[in-house]
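Here the structure comes first, spelled out in C-alpha cells, and everything after it is commentary.
The values are calculated or read from the model by the stated rules, or taken from the named source; none is laboratory data. This is a predicted model, so every value here is computed, not measured. Neighbour counts run over all protein chains shown; Cβ positions are idealised from the backbone, glycine included.
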Amino acid sequence: MHFVFGNEEAEALAQYDWENGFPVLLLQSGNTPIRYSSDTVFEEKYKIRYFDYGCTGPNTEKIKAYNTIIFKRLSEKYGKKWRKTVRKDTLGLGKRNMN
C-alpha cells in the first residue's frame, strides 16, 4: 500500500484485490500489531484477511479508501451480517461506509 499515491489508487487496488481473491481489511493498531482469536473465525467465514500495520503504514485516508471498497464488496456478497463480527478498530468503519 506504500506505493499507492492517492485515494483513487487505493480504491482501485481494493477492487483488484477483491476480484483476484486476496482482499484484506487494513488496520493500524499502534506500536505492535494486534491479533485476536476471533480474527481467524471472521477471516475464514468471510474469505478475507486482516492486515495490521502496527504503528507504521500508509496515510490513514488511503487505508480508509481501501477499506471502504472492501466494506461495499462484503455487503454485496454477505449482506449486513459481517458487520456484527468485524473488528471495530478497522479503519473506515462508520455509518457512511457500512452500506
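One residue stands out among those in region 8-18 that are within 14 Å of Phe71 (Cα to Cα) and of a type in the set (D, E, K, R): the one that is surrounded by the most Cβ atoms within 10 Å (Cβ to Cβ), which is Glu11. Just one residue in the set Arg73, Arg87 is assigned to a loop (DSSP other than H, G, I, E, B), of a type in the set (Lys, Arg), surrounded by 12 or more Cβ atoms within 10 Å (Cβ to Cβ) and within 13 Å of the chain's Cα centre (by Cα); that residue is Arg87. When region 1-20 is filtered for residues that are at pLDDT 95 or above and either polar (S, T, N, Q) or not in a helix (DSSP H, G or I) (or both), the ones remaining, listed by number, are Gln15, Asn20. Being in contact (Cβ under 8 Å) with a residue 60 or more places away in the chain, β-branched (Val, Ile, Thr) and not in a loop (DSSP other than H, G, I, E, B) is a description that applies to Ile63.
Considering Thr85, Thr90, the condition of being more than 19 Å from Gln15 (Cα to Cα) and among the β-branched types (Val, Ile, Thr) is satisfied by Thr85 alone. For region 30-59, a residue qualifies if it is surrounded by 13 or more Cβ atoms within 10 Å (Cβ to Cβ) and assigned to a helix (DSSP H, G or I), and the qualifying residues are Asp39, Phe42, Glu43, Tyr46.
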